[in-house]
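Novice: Dropping a structure here in structure tokens format, bear with me for questions.
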Amino acid sequence: VSGSLDLEEILGAALSKTMQSLSIDVGAACRLGESGRMLRLVVQEGLPPRLAEYMRCYAVEVSIAEQALKGGMPVVRQVSEYQDSEFRALLEEAGLQVAIGVPLLAKGRMLGSLHLAMRRQRKMTDDELSLLGAIGRQVGVAMENARLYEQAEQVAATAERSRLARELHDAVTQ
């Protein structure tokens, strides 16, 4: 994930490798919106169209991301335990039974989350949950690096515009 500064590429690679490594059926990577209350879908693999549309932009409270953030570790939940009936119905319609929320953290802040789901019942081992936690922290750091790089580019562009404006002003004055 640290090989790129493109957010979509970072999240896509992380999601794909995580799903492949742990034999996960479907997954989505979401970015936390500016308000800190909404998750926005960035990339997904295997989500049915209706579920993908629902996850395009939804409240943190609907998913298990908020619970995962509070504990700072991945959370595993049976789909039947979801409180939000619309989200639960979409998950059940897709034949999903187990959901996993992985917070993407950097500097103690949640930047997004990975949402993974399986069509079969399966208990996640402690090693798998530790691996998911490490992935969440590593991806969070890569996301923060991408954000800082983007911010540095914006500052450089602003400085260049200011320099050009000064030169033009000086030329006109002369």
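The values are calculated or read from the model by the stated rules, or taken from the named source; none is laboratory data. The model shown is predicted, which means the values in this text are computed figures rather than measured ones. In this analysis, Cβ positions are derived from the backbone assuming ideal geometry, glycine residues included, and neighbour counts consider all displayed protein chains. Note: accessible area is taken over every heavy atom of the protein model, side chains too, but ligands, DNA and RNA are not part of it. Shrake-Rupley method; radii C 1.70, N 1.55, O 1.52, S 1.80 Å.
Novice: Write out, first by first residue and then by second, each pair whose Cβ atoms fall under 6 Å of each other, whose residues are 6+ apart or on separate chains, and whose first residue, in segment 142-165, is open to solvent by 90 Å² or more (accessible area, probe 1.4 Å) while the second is modelled with pLDDT under 70 and not hydroxyl-bearing (S, T, Y).
Specialist: Filtered contacts from segment 142-165: Y149/L5.
Novice: Still on this structure: Test A171 against the stated conditions and say whether it is modelled with pLDDT under 85 and touching a helix residue (DSSP H, G or I) at 6+ places or on another chain (Cβ under 8 Å).
Specialist: When the stated conditions are applied, A171 does not pass them.
Residues checked against (1) open to solvent by 30 Å² or more (accessible area, probe 1.4 Å); (2) closer than 13 Å to I135 by Cα; (3) modelled with pLDDT of 95 or more:
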site	(1), (2), (3)
V1	yes, yes, no
E9	yes, no, no
G33	no, no, no
G36	no, no, no
L41	yes, no, no
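Novice: Please specify each residue of segment 14-31 satisfying the condition of being open to solvent by less than 50 Å² (accessible area, probe 1.4 Å) and either assigned to a helix (DSSP H, G or I) or without any contact (Cβ under 8 Å) to a residue 60 or more places away in the chain (or both). Spell out the reasoning first.
Specialist: Of all residues in segment 14-31, those open to solvent by less than 50 Å² (accessible area, probe 1.4 Å) come to 14-16, 18-19, 22, 24, 26-30.
Across segment 14-31, the qualifying residues are A14, L15, S16, T18, M19, L22.
Novice: Now a separate question. Under 6 Å by Cβ, and 6 or more places apart or on different chains, what pairs join a residue from segment 83-112 that is without any contact (Cβ under 8 Å) to a residue 40 or more places away in the chain with one that is of a type in the set (D, E)?
Specialist: A106/E144
Novice: Same structure again: Here is a list: Q83, Q138. Which entry is open to solvent by 70 Å² or more (accessible area, probe 1.4 Å) and either among the aromatic types (F, W, Y) or in a helix (DSSP H, G or I) (or both)?
Specialist: Answer to the check: Q138.
Novice: Further question: Is there a residue being small (G, A, S), without any contact (Cβ under 8 Å) to a residue 12 or more places away in the chain and closer than 13 Å to L104 by Cα anywhere in segment 56-67?
Specialist: The answer is no; no qualifying residue exists.
Novice: Can you tell me which residue in segment 120-135 is modelled with the lowest pLDDT, limited to those that are touching a strand residue (DSSP E or B) at 6+ places or on another chain (Cβ under 9 Å) and exposed (fewer than 14 other Cβ atoms within 10 Å of the Cβ)?
Specialist: Filtering first and then ranking leaves K123.
Novice: Here's another thing I want to ask about it. Would you be able to say whether some residue in segment 33-49 is small (G, A, S) and within 13 Å of the chain's Cα centre (by Cα)?
Specialist: Yes.
Novice: Condition first: in contact with a helix residue (DSSP H, G or I) (Cβ under 8 Å, 6 or more places away or on another chain), part of a helix (DSSP H, G or I) and open to solvent by less than 70 Å² (accessible area, probe 1.4 Å). Now tell me which residues in segment 86-109 satisfy that.
Specialist: F87, R88, L90, L91
Novice: Within segment 118-135, track down each residue that is aliphatic (A, V, I, L, M) and part of a helix (DSSP H, G or I). Steps first, please.
Specialist: Here is the first cut: in segment 118-135, the residues aliphatic (A, V, I, L, M) are 118, 124, 129, 131-132, 134-135.
Hits for segment 118-135 are L129, L131, L132, A134, I135.
Novice: Looking at segment 55-78 only, could you name the residues that are assigned to a helix (DSSP H, G or I) and open to solvent by less than 40 Å² (accessible area, probe 1.4 Å)?
Specialist: V60, V62, A65, A68
Novice: Can you pull out every residue in segment 43-54 that is part of a strand (DSSP E or B) and either open to solvent by 60 Å² or more (accessible area, probe 1.4 Å) or modelled with pLDDT under 80 (or both)?
Specialist: Q44, E45 - these are the residues of segment 43-54 that are part of a strand (DSSP E or B) and either open to solvent by 60 Å² or more (accessible area, probe 1.4 Å) or modelled with pLDDT under 80 (or both).
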